[in-house]
Amino acid sequence: MTTQYFPTSCAAPVPAPEEPVRTVPLVVAGLLAVGLTWFVWATYGAKQGVLLALGLALGLALFHSRFGFTSAWRQLISVGNGAGLRAHTVLLGTAATLIALIISTGSGLFGSVPKAVGNPLGLALLVGAVLFSIGMQLGGACASGTLFAVGSGQSTIVLTLFGFIAGSVLYTWAFPLFDGWPAFPAVVLSEHVGWWGSWLITIALLALIVLATRLVQARRTPPPADVVPTARGLARVVRGSWPLLAGAVVLGVLAAAVFLVSGGIWGVTFAFALWGAKLVQLLGLHPEAWTFWQTPANAKALAAPIWTDKTSLTNIGIMIGAAIAAAAAGAWKIHSTIPWRTAVAAVLGGVLMGIGARLAGGCNIGAYLGGISVGSLHGWLWGVFALGGTWIGLKLRPLFGLANPKPSDSVC
């Protein structure tokens with residue numbers, strides 16, 4: 001057993017040294033990062049340039065820490081290893097603390113006015129969370145994981161991204177079918193107990209989750225989480241891999257920084273709907289006539305360049321930042337062959353995530369991280385139903401030749 005507090009069936013393997021730096025991908029990604037940041041900053045202003053830079057930093061942190069949402073829920077449900085979910089609590093607690101400070105002091109950069117916004121509590125949220133979590137188990141990545149995996153050269157996840165965009169477009173096209181489902185108004189804790197009361201409740205709930213995962217892990221004694229190659233000494237800062245909890249803190253700080261700069265939570269999936277709509281326009285169709293794109297905010301986003309859209313900037317930054325991190329770690333590579341069942345699962349999973357994220361008004365980032373960090377009840381409900389959807393997704397994975405962790409494994 002590895003520790004008294006979080007026992008595992010055996011010790012985790014010793015991580016191998018990282019591979020040599022992939023120079024060509026590193027140079028290409030580095031030049032793209034510098035050039036694109038300069039272009040966006042010079043053309044669209046400092047705020048947009050900073051958001052792109054924050055996306056680059058998010059990509060670096062996501063890859064170097066291999067921070068997972070999909071794997072964390074899969075490991076917890078299948079074998080009872082709660083290490084990933086405990087890392088979530090550190091991320092959520094860091095973001096919630098900093099965002100409470102930002103809003104309670106009225107801080108905001110570039111003229112932004114930080115505000116906590118909650119989503120309605122209804123059928124669409126619950127169904128969307130379940131569909132999304134089934135999709136991420138089939139597709140092999142969540143929303144943020146899709147971005148950093150694509151940036152690091154994982155070919156299968158490119159198919160997941162394609163399905164994600166297709167599912168988002170399908171939702172926006174069929175929006176009247178999904179609109180108007182029964183729901184209760186949003187519940188934001190700060191409106192009832194103040195910002196510091198909201199923060200205390202959030203931290204207390206996160207502490208209970210840590211305790212619950214400890215009890216589950218002690219009862220089931222799961223295999224340890226797998227390890228990835230890592231650099232040694234100070235080189236680990238720029239080449240990885242980072243300790244999971246260190247990555248959680250860095251990501252929490254960066255999520256709060258996005259909030260400080262933009263006035264809203266870090267999101268991912270609206271950009272996929274936007275990119276899909278712009279692609280449909282290039283094909284000669286007219287998504288601007290669809291009901292979804294006729295609301296003022298959505299119509300404005302569709303008519304503007306993607307460089308003015310917050311989620312597009314951070315998403316693009318994540319992919320480039322992950323490419324830099326993967327190349328520095330010697331891990332950037334493209335796989336030329338993908339089993340057909342894996343390819344089908346990737347596309348189907350992406351489609352389910354695209355529909356689910358739009359139904360729920362967000363994904364593991366926009367709904368789960370964003371909702372909980374601003375004290376909105378919808379974030380907690382999304383997480384609970386995502387766990388249920390994960391259980392369903394694990395039952396479906398073997399149909400596509402995808403393995404689940406087993407208690408007898410040496411790692412999960």
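The values are calculated or read from the model by the stated rules, or taken from the named source; none is laboratory data. These numbers were taken from a predicted model, which means no experiment stands behind them. Every residue, glycine among them, receives a Cβ derived from its backbone with ideal geometry; neighbour counts consider all protein chains shown. What goes into the accessible areas is simple: the full protein's heavy atoms, side chains included, and nothing from ligands, DNA or RNA. Shrake-Rupley method; radii C 1.70, N 1.55, O 1.52, S 1.80 Å.
Solvent-accessible area of residue 242, all protein chains in place: 50 Å² (probe radius 1.4 Å, heavy atoms, ligands and nucleic acids excluded). Just how far, in whole angstrom, is segment 22-56 from segment 67-96 if you go by their alpha carbon centroids? Here the answer is 30 Å between Cα centres.
Debye-formula intensities of segment 289-412, expressed as log10 I(q)/I(0) at q = 0.11, 0.18, 0.21 Å⁻¹, are -0.62, -1.37, -1.33 (one equal scatterer per alpha-carbon, no solvent).
Applying a length cut-off of 20 Å (Cα extent along the axis) and a mean Kyte-Doolittle floor of 0.5 to the DSSP H helices of the chain leaves 23-44, 46-65, 83-104, 123-139, 155-173, 190-220, 244-262, 310-328, 340-360, 377-396.
D by Stokes-Einstein for the chain, Kirkwood Rh over Cα pairs, 4 °C, 1.567 mPa s: 60 µm²/s.
As a length-normalised measure over Cα pairs under 8 Å and 6 or more apart, the relative contact order of segment 254-333 settles at 26 percent.
A simple spin-label model places pseudo-atoms 7 Å from Cα toward Cβ; at residue 191 and residue 38 they are separated by 4.7 nm.
Calculated [222 nm] ellipticity per residue, helices only, for the chain: -21000 deg cm²/dmol; basis is -39500 (n - 2.57) per DSSP H run with n ≥ 4, divided by all residues, nearest 500.
If you average the alpha carbon positions of segment 337-355 and of segment 184-226, how far apart do those two centres end up, in angstrom? So the separation of the two Cα centres works out to 31 Å. The trypsin sites (Lys or Arg not before Pro) of segment 333-371 that DSSP puts in a loop, and whose beta carbon has at most 16 other beta carbons within 10 Å, are 333. Taking the square roots of five times each eigenvalue of the Cα gyration tensor of segment 179-291, the equivalent ellipsoid has semi-axes of 35, 27, 18 Å, listed largest first. The solvent-accessible area of residue 10, taken with every protein chain present and a 1.4 Å probe, is close to 50 Å².
Working ranking of peptides 114-121, 223-230 by packing, defined as the average number of other Cβ atoms within 10 Å per residue, highest first, is 114-121, 223-230. Accessible surface ranking for 319, 136, 1.4 angstrom probe, highest first: 319, 136. Packing-based ranking of 369-380, 254-265 yields 369-380, 254-265, ordered from highest to lowest mean Cβ neighbour count within 10 Å. Close amide-amide hydrogen proximity is noted between residue 225 and 412, each under 5 Å apart and 5 or more residues distant or on a separate chain (H modeled in the peptide plane; Pro and chain starts excluded).
Largest GNM mean-square fluctuation across 285, 387, 123, computed for the chain with C-alpha springs under 10 Å, falls on 285. Modelled spin-label separation between residue 279 and residue 399, with each label point placed 7 Å from Cα along the Cα-to-Cβ direction: 2.5 nm.
Take every pair of alpha-carbon atoms less than 8 Å apart whose residues are at least six positions apart; their mean separation over the length of segment 269-412 yields a relative contact order of 18 percent. Using C-alpha pairs below 8 Å separated by at least 6 residues, the relative contact order for the chain is 38 percent. Using every pair of separate Cα atoms, the Kirkwood estimate puts the hydrodynamic radius of segment 1-97 at 16.9 angstrom. Top mean-square fluctuation among 354, 388, 145, Gaussian network model of the chain, C-alpha springs under 10 Å? Judging by the Gaussian network model, the answer is 388. For the chain, the carbon plus sulfur part of the accessible surface works out to 72%, probe radius 1.4 Å. For segment 1-127, the solvent-accessible area with a 1.4 angstrom probe is 44 square angstrom per residue.
Across segment 136-175, Cα-Cα distances exceeding 11 Å account for 60% of all pairs.
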